[in-house]
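Heads up: the structure comes next, in structure tokens.
The values are calculated or read from the model by the stated rules, or taken from the named source; none is laboratory data. What you are looking at is a predicted structure, and each value in this text was computed from that prediction instead of being measured. In this analysis, Cβ positions are derived from the backbone assuming ideal geometry, glycine residues included, and neighbour counts consider all displayed protein chains.
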Amino acid sequence: MSKLGNARVRVPERAKRGEVIEIRAMIEHPMESGFRLNNVGKPIPREIVQSFSCEYGGREIFRATLHPAVSTNPYFLFYTVATASGELLFTWKDDRGGQATHTARLEVTEP
Amino acid sequence: VRREARGTTPATPAGWFGVGVNTTASPEVTPSLSEPASARRRALRALAAGVCLLVVRPAKAAPEELAAALHETFGGRSITPGKVTLELPKLAENGAVVPVTVTVDSPMTEREHVKSIHLFAEKNPLPRILEVRLGPYNGRARVASRIRIADSQQITAVAVLSDDTLWSAAVQVEVTVTGCGT
């Protein structure tokens, strides 16, 4: 079972064409580092989100590769230029083959 | 009355909270305090410091591993300090969640933009923290996240620009509660 939980994404509803918009994305995940020990001193196996990406209008605009040093519930803030109305697709993949997606709609108006 | 007030008031916070570890303050304090109490306090403080050192010093990746990771990622290419701004708290109370922001001085145009940003830790169990890929479509070369920092150490950010030059920034972070094991 994948430990990928709820995703929370913040994208402005609308923006003017050419405007640089701020995007925030977070997903619930323990990001088990593999360096922790359980109550009997055995290491807890690593289970992390390995990658996060964001596509805007079918084109990848952000990709992150995560290592165990990324905190629980990985969070990213980044920017993009509003070019055309469309969908933003957020994808998280864990190291157990699990995947979670989230979409957000951006309306782009003429400046 | 006046002497007593001078002697006791600074002694209490220093003793209880262990803030005033400065030995220069003790001679002033001693006359109004009984000798054994202050000696015991000093002994306890020394013991506490010793215990902290023993507990908070687990084996960690050495800076050589950071050098190895840098070499593995960028080959032998030279990395120049500059163009990158790495924002991290100087003192991180909780090493498990440390906010980080990386900004690169770049116009983010088709001709001149940031291709990727890499974050490295000098003393975490693994030197790599995270990598992000960017392009001209980002408009602004700024990325924020939250990371784990195992111990007080230097964090390094390296940016790869579109002309394949490498730029970096490093920040020393003091960690009160370790980020390893959390």
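Structural remarks
- Filter pass, A:Phe78 being buried (at least 16 other Cβ atoms within 10 Å of the Cβ), touching a Phe, Trp or Tyr at 6+ places or on another chain (Cβ under 9 Å), within 7 Å of another protein chain (Cβ to nearest Cβ) and part of a strand (DSSP E or B): yes
- Among the criteria (1) in contact with a helix residue (DSSP H, G or I) (Cβ under 8 Å, 6 or more places away or on another chain); (2) under 16 Å from B:Thr85 (Cα atoms), the one B:Pro127 does not fulfil is (2).
- In summary, B:Glu112 fulfils each of the numbered conditions (1) within 17 Å of A:Val70 (Cβ to Cβ); (2) more than 9 Å from chain A (Cβ to nearest Cβ); (3) surrounded by fewer than 18 Cβ atoms within 10 Å (Cβ to Cβ) with the single exception of condition (1).
- Residue list for the stretch A:58-72, filter: more than 22 Å from B:Val104 (Cβ to Cβ), at the interface with chain B (Cβ under 10 Å from one of its Cβ atoms) and out of contact with any Lys or Arg (no Cβ under 8 Å at 6 or more places or on another chain): A:Thr72
- Filter pass, B:Thr165 being among the polar types (S, T, N, Q) and either in contact with a Leu (Cβ under 7 Å, 6 or more places away or on another chain) or within 14 Å of chain A (Cβ to nearest Cβ) (or both): no
- Residue within the stretch B:133-147 that is crowded, with 19+ Cβ neighbours inside 10 Å, modelled with pLDDT under 95, closer than 25 Å to B:Lys90 by Cα and hydrophobic (A, V, I, L, M, F, W, C) present: no
- For first residues located in the stretch B:73-98 and charged (D, E, K, R), partners that are assigned to a loop (DSSP other than H, G, I, E, B) and lie 6+ apart or on another chain with Cβ distances below 7 Å form the pairs B:Lys83/B:Asp105.
- Top-ranked residue of the stretch B:138-162 - restricted to ones that are among the hydroxyl-bearing types (Ser, Thr, Tyr) and over 9 Å from the mean Cα position of the chain (by Cα), ranked as nearest to the other protein chains (Cβ to nearest Cβ): B:Ser145
- Selection status of A:Ile27, in contact with a Lys or Arg (Cβ under 9 Å, 6 or more places away or on another chain), within 27 Å of A:Glu87 (Cβ to Cβ), in contact (Cβ under 8 Å) with a residue 60 or more places away in the chain and surrounded by 13 or more Cβ atoms within 10 Å (Cβ to Cβ): yes
- Candidate set from the stretch A:81-110 (those that are among the polar types (S, T, N, Q) and under 16 Å from the mean Cα position of the chain (by Cα)); member that is surrounded by the most Cβ atoms within 10 Å (Cβ to Cβ): A:Thr91
- Unique match (being touching a residue at least 40 places away in the same chain (Cβ under 8 Å) and surrounded by 13 or more Cβ atoms within 10 Å (Cβ to Cβ)) among A:Ile44, A:Ile21: A:Ile21
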